[in-house]
Amino acid sequence: MIKREVKALKVDNVEDKKRICFTIGKWKVKQSKRSRRMAKLREEWYRIHGLSFPCRICGSSEHTALTRIMIDEESVPSYNCPISKWEHWPKAIPDCEYSPEMSLEASPGKLAEYRGYGRLNIEEGLLQFEERGNGANMEEDELERFKEEARHIGDEVRATAWIFKRMSLTMENDSNGERQL
């Protein structure tokens with residue numbers, strides 16, 4: 001885990017102009033106008049898409065996609081959606097390789113798990129995902145691949161669970177001395 005050494009964010013008044021700067025160790029770093037503008041736009045995007053109802057990842061009206069947590073006196077976005085593809089906020093990815101939309105991706109495996117691997121529950125979750133969640137922003141073929149993968153994972157887990165349950169019942173009956181037909 002990378003530990004951030006940013007100590008403080010200050011707004012200095014210099015000749016009636018505000019200059020935003022922060023300190024890293026002993027260095028004082030001035031933030032450019034472009035950086036400030038991009039940070040402001042990104043913050044607005046996160047507030048609109050990440051901190052609003054319904055969840056922009058799964059479409060649920062029970063939670064938001066993101067939440068804010070305090071780490072070392074700094075407000076940091078954290079995932080609130082149980083089907084989010086990412087575990088941690090992707091801050092370390094360079095801006096040229098990352099877009100904010102990537103942060104709202106869903107995982108088909110987590111969707112199937114969250115819905116208890118039941119076929120009807122998965123279908124209900126996929127419908128919600130497609131209508132109100134990130135599925136509404138996906139290309140048609142990409143959405144179909146996502147749905148198929150979620151269904152496939154659910155089918156596999158249900159089949160595995162049934163085989164395990166059947167083997168357990170067989171072993172329990174054998175240990176009781178009952179004969180299997």
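The values are calculated or read from the model by the stated rules, or taken from the named source; none is laboratory data. Model, not experiment: these values are computed from the prediction. Note that each Cβ is placed from the backbone with ideal geometry, even for glycine, and that neighbours are counted across all protein chains shown.
Annotations for the structure displayed:
- Positions within segment 117-131 being at pLDDT below 95 and either closer than 10 Å to residue 56 by Cα or of a type in the set (Ser, Thr, Tyr) (or both), in sequence order: 117
- Candidate set from segment 88-108 (those that are farther than 22 Å from residue 142 by Cβ and loosely packed, with under 13 Cβ neighbours inside 10 Å); member that is modelled with the highest pLDDT: 88
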